[in-house]
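For reference, the structure is listed below as structure tokens.
The values are calculated or read from the model by the stated rules, or taken from the named source; none is laboratory data. Since this is a predicted model, take the numbers as computed values, not measurements. So basically every Cβ, Gly included, is an ideal-geometry build from the backbone, and we count neighbours across all protein chains shown.
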Amino acid sequence: MPDSLLNFSWLSLCMPSTCSKKCPNERKPVKRRFSVAANKTEVPVLKGLQKRQKKELSKILWTEAAIKAIEGKAESKKFKNLSPKAVLEALDEAIQHSKWESALKIFGLLRKQQWYEPRCQTYTKLLMLLGKCRKAEQAGLLFEVLLSDGLQPTVDVFTALVNAYGMCGLFDLAFSTIDDMKSAYDCKPDVYTYSILLRCSIKNHRLDLVSQILAEMTYLGIECSAVTYNTVIDGYGKAELFEMMENVLSDMIGSSTCHPDVFTMNSFISSYGSCGKIEKMERSYEEFQLMEISPDVRTFNILIRSYGRAGMYQKMESVLNFMEKRFFSPVVVTFNTVIDIFGRAGNIEKMDEFFLKMKHQGIKPNTNTYCSLVNAYSKTGKLFKVDSILRQVENSDVVLDTPFFNCVISAYGRAGNVDKMSEFFSEMKEKNCQPDYITFATMMQAYKAKGMTEVAETIEAKMLSIQT
């Protein structure tokens, strides 16, 4: 549904209006089981792909039921004295799970309650959610509703609106909002406001705005915090603007209010390590050690990934040994990184060794783990091991996602088993995992390889519709 239509749906609950449109209900996944071939025998696998632990499942079901129950009442004019606890909890859950449409409907219902008192904090949470979901138009409308409620916007409200515009790349509106803050009484932009704006600029690859924002902060006498410096350092590092990154570090060291920390160090070594500048990465690590900044698990994960990508497997394993000696417990990301690196290198024996070690240490594999394993087995022609992985997934509580299905579809497509590939594609849609460009491109290639031109053309049309 176009955003413009949805605006009328939730706005009609907030303000008197003659227009009303109902949003379509979310599709309920249909449960189904299927089987994959293993050693020429049909073995049932993946019965209930999204098995969860009983406690976790009941919590998820309760949350979804609570949101839908309150959301259903939002369409009626009868419910004006509901339990505050039920409505507010449903709103918090919708926000927490990024269900922005449900959140706006529930908020409309909230405003109709006899006990309702408008609060800036509620608007701030909703505006941040809309920014996260990149819904700038709805954020602007919500701000108008706030004003109609007779509220005076706070710094937090304005900052959330800046975030919503900035996340959508609407920097003219973001800067205009900051100008409104400057002219408002007791509502001047602070370091948090500008840090949010810097983060949005970097996320949208508008690094040309960074110096402008920093200059404005200096003019207004707003000193950078550690978060501000780290945001800019990380942005420059990812863009491989190393000289500018080093200059910001110098400013940070010379600052009287904050100093480099482990986040600064991680940004530096990640920036150099990601582009293969191993010597500079190691030098940076030593320099931060001289500043008495201690590494954390993420630091070691970055070193492992950087050495692995550079093919320096001995150094990668030495980092793992160092972690063990210094009592740094590896986490799931640590093992996933090692498994993925050995898998890409075709070293199945080492990959299996670390996968086994991961399970022995009580660390639960996730979808990233299984994706790396499936990819590696598929590329080395060990399809029987893919079937083994699927049986392990059956007995786990891992919540599967689109990338996992893409890996499995690719594995069977590469092996020429288009029947099994299409079976997984059907299951993917039934489990409410939306296929993406990679899904269709993979299937199209597999069908073309089998000479199934008409089916490939149908898949290609779907792929192109996603692009547009």
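Which residue out of K364, K357 is over 24 Å from the mean Cα position of the chain (by Cα) and of a type outside the set (A, V, I, L, M, F, W, C)? The match here is K357. In this entry, L146 is excluded by the filter for residues that are in a helix (DSSP H, G or I) and not assigned by TED's automatic domain parsing to the domain that holds K203.
Within region 106-122, being closer than 15 Å to E89 by Cβ and assigned to a helix (DSSP H, G or I) holds for I106, F107, L109, L110, T122.
From (1) touching a residue at least 12 places away in the same chain (Cβ under 8 Å); (2) in a helix (DSSP H, G or I), pick out the condition that doesn't hold for Q212. The single condition Q212 does not satisfy is (1).
The residues listed here are S396, S410, S378, S388; of these, the one that is touching a Pro at 6+ places or on another chain (Cβ under 8 Å) and under 25 Å from K364 (Cα atoms) is S396. Consider G169 carefully, then state whether it is assigned to a loop (DSSP other than H, G, I, E, B), surrounded by fewer than 20 Cβ atoms within 10 Å (Cβ to Cβ), modelled with pLDDT under 95 and at positive phi. No: the conditions fail for G169. Listed by first and then second residue, the pairs linking a residue in region 135-157 that is touching a residue at least 24 places away in the same chain (Cβ under 8 Å) and more than 14 Å from F107 (Cβ to Cβ) to a residue that is in a helix (DSSP H, G or I) and of a type in the set (F, W, Y), with Cβ atoms under 7 Å apart and 6 or more places separating them unless they lie on different chains, are A136/Y165; V157/Y123. Hey, among I202, I196, which residue is within 25 Å of P118 (Cβ to Cβ), in contact (Cβ under 8 Å) with a residue 12 or more places away in the chain and crowded, with 18+ Cβ neighbours inside 10 Å? Within the list I202, I196, the selection yields I196. With respect to the conditions (1) surrounded by fewer than 20 Cβ atoms within 10 Å (Cβ to Cβ); (2) within 20 Å of M463 (Cβ to Cβ); (3) in contact (Cβ under 8 Å) with a residue 24 or more places away in the chain; (4) hydroxyl-bearing (S, T, Y), S422 lacks only one, and its number is (3). Kindly provide the set of residues from region 279-295 that are over 28 Å from the mean Cα position of the chain (by Cα) and farther than 20 Å from G254 by Cα, ordered by number. Hits for region 279-295 are E279, K280, E282, R283. Checking each residue in region 312-365 for being farther than 20 Å from I278 by Cα, among the polar types (S, T, N, Q) and in contact with a Phe, Trp or Tyr (Cβ under 9 Å, 6 or more places away or on another chain) picks out N347, Q361. Residues of region 80-131 that are among the polar types (S, T, N, Q) and touching a Cys at 6+ places or on another chain (Cβ under 7 Å): S98 alone. For G221, the conditions (1) within 22 Å of S201 (Cβ to Cβ); (2) part of a helix (DSSP H, G or I); (3) small (G, A, S) all hold with the exception of (2). Cβ separations smaller than 7 Å between residues 6+ apart or across chains give the following pairs from region 87-111 residues that are at positive phi and at pLDDT 90 or above to residues that are in a helix (DSSP H, G or I) and buried (at least 16 other Cβ atoms within 10 Å of the Cβ): S98/L129. Only one of these is of a type outside the set (A, V, I, L, M) and within 21 Å of D172 (Cα to Cα): D186, D190. Name it. Unique residue meeting the criteria: D190.
Rundown of residues vs (1) touching a residue at least 24 places away in the same chain (Cβ under 8 Å); (2) within 24 Å of P295 (Cβ to Cβ), yes/no style:
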position	(1), (2)
P330	yes, yes
T334	yes, yes
T337	yes, yes
I341	yes, yes
G346	yes, no
F355	no, no
Q361	yes, yes
K364	yes, no
S372	yes, no
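When you look at V191, is it buried (at least 21 other Cβ atoms within 10 Å of the Cβ), of a type outside the set (S, T, N, Q) and under 26 Å from K238 (Cα atoms), yes or no? Criteria not met by V191.
Screening region 401-459 for helices (runs of 4 or more DSSP H) wholly inside it with 1 or more residues that are at pLDDT below 90 and over 22 Å from S372 (Cβ atoms) returns the ranges 418-430, 437-449.
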